[in-house]
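Novice: Here it is, the structure, as structure tokens.
The values are calculated or read from the model by the stated rules, or taken from the named source; none is laboratory data. Just so we're clear, the structure is a prediction, and the values are computed from it rather than from any experiment. Glycine also receives a Cβ, built like all others from the backbone with ideal geometry; neighbour counts cover every protein chain displayed.
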Amino acid sequence: MEPTSKTQSLRYAVSGLLAALTGMAVGHLVAALVNPAASPVLSVGSTVIDATPTPVKEWAIQHFGTNDKPVLLGSVGLVTALIAVGIGLVARRRPSLAGVLLVLLAGLAGLAAMLRPTADPVDILPALAAALVGVGVLFGLLRLLNGGGREPGTTAVESPLDHSAQAPGTPTTTGRRNFLIGAAGATVGAAAVGSLGQKLAVPPTLPSSVTLPAPQNTEAALPAGLETKIKGITPFSTPPNDFYRVDTALVIPRVDVESWKLEIAGDVDKPYSITFDELLKMPMIEKRITLNCVSNEVGGPYISSTLWQGVRIKDLLERAGVKGNVDQILSESTDGMTISTPIEALTDDRDAIIAVAMDGQPLPARHGFPARMVTPGLYGYVGATKWVTKLTATTYAKDTAYWTQRNWLIDGRVKTQARIDTPRGLATYQPGKIAIGGVAWAQGRGIKEVEVRVDNGPWQKATLGPDGGTDYWRQWFLEWDARTGRHDLTVRATDGTGAVQTQERADPFPGGASGYHSIVVLVS
Ligand SMILES: Nc1nc2c(c(=O)[nH]1)N[C@H]1C(S)=C(S)[C@@H](COP(=O)(O)O)O[C@H]1N2
Ligand SMILES: [Mo]
């Protein structure tokens, strides 16, 4: 029985797909050994992240939340798969052209890897390996498709390169079986190699090897939060595992503490760098700070609070002697991120720190191990550089950072906000006593008052939870006698200076969301 043209096309498509897949898998494994971020899929993904216009990025964060990365990688994979299928179809008539296209595809990934801000010459290796293996698998499968290997004695049409203009041969049953075996082998091989790469690329548990020195001060023990009596309210202190995570890194950077250095450079009298051991010997402070992301919508989840420990940035800068013209510190990280922080925020008495610990433990890798910045009162994108390695004293006129290049505001001061955690919006409750509760924050100013409004009623003063300091959020609650019906619940906060948060709605871009958080609940 002759294969229809359709099933034959399908086999070519599968060959292209498998060639690309095996190439990517081998590239992923090679990357795990040289630099995980240089993996073909990941370097293309990172390039897409950096090239994505801000509105699209905002849309993705709002719709996919922390799943934005899997969604992005999935899309990159899907587009690559479609191209690979196309290449496979081209191979039916023009095998050598298909080979060239496959090399070009791997070349794109190589280019992406080489153009990353932290690129190293070895970062080309994964793409090279992907090209070699991809082309090898493609021609191997084409050979099986054309019945190659069936008659070892014949040499006339051994290479698919030699009969590029020829219509494809009609495979015999053995030929078809050989192709199926080859295709299955490539699939299994790609899966095995890819998952091995994935396993090897997981960051080692380095943080456990660090012993923390005692801080100079000790913050008073945190009093029990309202979560002990109000179900559904956000805990007063966020467990590190629940701490929100926002960054552009597709692989969590693995930083070796032994070779890590923090460099202080730029417009300073005495530039210097210190090792992690030296940093740990400097005077340390501990401080409770709430960190939030500028991309957080009103009522959104990208905010967390913990006890941080670290070295005052003021002390580090004083040792270098910052010159008078400097208006910003440009920080850099191992993953090539750049962040601009206004110089006042790092030198005034708010105690911005290079943190080495959160919640009494060395920083987890995903939160910046071994060291990161934390600047009270500013959104993370202007003061919380993770995996930090360099502070450059400079000016906004001379240097621009990653988010500034994308038009986010230079001065990312946190806006006063309140959020209702319980009851849940759009959920249905029984009539009777219900606690309305949540958190409010105004880092740098503190929270003086929180008020709640039910429907169009009067603003009612909520009871505040314990005080964790002006740079820390405040829990609050209000008992409500819920009657049958549909109700609007709205909250607003007043900061320590007596200013009520603005009611004016603003999107996260370019300087943080504002407006009152409001939810609808059904009581029946
Ligand atoms: N190296 C690096 N640091 C970074 C970022 C990043 O993408 N890369 N994102 C910043 C942003 S936008 C925020 S909100 C905080 C989030 O810190 P977290 O993930 O520890 O909560 O990290 C900041 N530091
Ligand atoms: Mo952020």
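Novice: Would you confirm whether or not segment 269-288 contains a residue that is surrounded by 20 or more Cβ atoms within 10 Å (Cβ to Cβ), within 16 Å of ligand 2 (Cβ to nearest atom) and assigned to a loop (DSSP other than H, G, I, E, B)?
Specialist: No, segment 269-288 contains no residue that is surrounded by 20 or more Cβ atoms within 10 Å (Cβ to Cβ), within 16 Å of ligand 2 (Cβ to nearest atom) and assigned to a loop (DSSP other than H, G, I, E, B).
Novice: Among the listed residues GLY412, GLY380, which satisfies the condition of being within 16 Å of ligand 2 (Cβ to nearest atom), closer than 20 Å to SER305 by Cβ and touching a helix residue (DSSP H, G or I) at 6+ places or on another chain (Cβ under 6 Å)?
Specialist: Checking each option against the conditions leaves just GLY412.
Novice: List the strands (runs of 3 or more DSSP E) inside segment 321-382, counting only whole elements, that have at least 2 residues being more than 19 Å from the chain's Cα centre (by Cα). Even if it seems obvious, please write down each step before you answer.
Specialist: Working: elements: 328-333, 338-342, 353-358, 372-374.
Per the criteria, 328-333, 338-342, 353-358.
Novice: Within segment 173-192, track down each residue that is farther than 13 Å from ARG11 by Cα and touching a helix residue (DSSP H, G or I) at 6+ places or on another chain (Cβ under 9 Å).
Specialist: ALA186, THR187, GLY189, ALA190, ALA191, ALA192
Novice: Within segment 90-113, how many residues turn out to be charged (D, E, K, R) and in a helix (DSSP H, G or I)? So that I can check it myself, show each step before the final result.
Specialist: The initial filter retains those residues of segment 90-113 that are charged (D, E, K, R), namely 92-94.
Then drop every residue that is not in a helix (DSSP H, G or I), which leaves 92-93.
Of the residues in segment 90-113, 2 are charged (D, E, K, R) and in a helix (DSSP H, G or I).
Novice: Among residues belonging to segment 199-221 that are surrounded by fewer than 16 Cβ atoms within 10 Å (Cβ to Cβ), in a helix (DSSP H, G or I) and of a type outside the set (D, E, K, R), point out the one that is modelled with the highest pLDDT.
Specialist: Looking at the filtered set, the residue picked out is LEU200.
Novice: Something else: Taking the residues in segment 237-253 that are surrounded by fewer than 17 Cβ atoms within 10 Å (Cβ to Cβ) and of a type in the set (D, E, K, R) as candidates, determine which candidate is farthest from ligand 2 (Cβ to nearest atom).
Specialist: Per the stated criteria, the residue is ASP242.
Listed here are the residues, each with its yes/no results for (1) within 16 Å of ligand 1 (Cβ to nearest atom); (2) under 21 Å from GLY446 (Cα atoms); (3) at pLDDT 95 or above.
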position	(1), (2), (3)
ARG288	yes, yes, yes
LEU291	yes, yes, yes
GLY310	yes, no, yes
ILE313	yes, no, yes
LYS323	no, no, yes
ASP327	no, no, yes
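Novice: Also, I was wondering about something else. Test GLN309 against the criterion of being surrounded by 13 or more Cβ atoms within 10 Å (Cβ to Cβ) and either among the polar types (S, T, N, Q) or within 16 Å of ligand 2 (Cβ to nearest atom) (or both), and give yes or no. Don't jump to the end; show me each part of the working.
Specialist: On the way: surrounded by 13 or more Cβ atoms within 10 Å (Cβ to Cβ): yes; either among the polar types (S, T, N, Q) or within 16 Å of ligand 2 (Cβ to nearest atom) (or both): yes.
Here the answer is yes, as GLN309 does meet what is asked.
Novice: Filter segment 384-395 down to the residues that are under 16 Å from the mean Cα position of the chain (by Cα) and either away from ligand 1 (no atom under 12 Å from the Cβ) or not polar (S, T, N, Q) (or both) and list them by number.
Specialist: Answer for segment 384-395, where residues must be under 16 Å from the mean Cα position of the chain (by Cα) and either away from ligand 1 (no atom under 12 Å from the Cβ) or not polar (S, T, N, Q) (or both): ALA384, LYS386, TRP387, VAL388.
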